[in-house]
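A short write-up of the structure that comes next.
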């Protein structure tokens with residue numbers, strides 16, 4: 001997706017979010033940033049896609065990885081996520097979501113789920 005398709009507000013928000021990542025996002029980023037070296041896949045963190053900011057995205061395979069905190073589980077949060085996921089699907093992206101509890105309790109399983117989605121696990 002061309003940078004011109006990203007809203008200017010999303011770019012500013014992405015920069016802010018990179019500076020204020022949650023502990024779960026930081027831990028996941030430590031693993032995902034090695035995907036370039038290990039698998040040849042460039043993972044971007046807090047990256048704008050259209051009007052939204054994805055926690056992590058692998059543009060080459062059109063995959064978005066989201067880390068959901070408790071505000072995502074409110075009716076308003078769930079509604080926003082559905083709208084966002086529909087927009088991303090329309091743009092050709094698939095979305096994997098993890099809640100912060102999953103990352104804390106079974107981090108390796110989360111990485112395996114990502115690798116499975118990428119077709120890298122047998």
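The values are calculated or read from the model by the stated rules, or taken from the named source; none is laboratory data. Computed from a predicted model, the values in this text were never measured in an experiment. Here Cβ is always computed from backbone atoms with ideal geometry, including for glycine, and neighbour counts include all displayed protein chains.
So the values come out like this:
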{"read-out": "Any hit, region 64-83, residues being under 18 Å from residue 13 (Cβ atoms) and at pLDDT 95 or above", "value": "yes"}
{"read-out": "Answer residue from region 78-108, given it is touching a residue at least 40 places away in the same chain (Cβ under 8 Å) and in contact with a helix residue (DSSP H, G or I) (Cβ under 8 Å, 6 or more places away or on another chain) and is surrounded by the fewest Cβ atoms within 10 Å (Cβ to Cβ) among those", "value": "104"}
{"read-out": "Residues that are modelled with pLDDT of 90 or more, more than 25 Å from residue 102 (Cα to Cα) and assigned to a helix (DSSP H, G or I), drawn from region 8-51", "value": "37"}
{"read-out": "Subset of region 64-77 [surrounded by 13 or more Cβ atoms within 10 Å (Cβ to Cβ) and not in a helix (DSSP H, G or I)]", "value": "64, 65, 66, 67, 68, 69"}
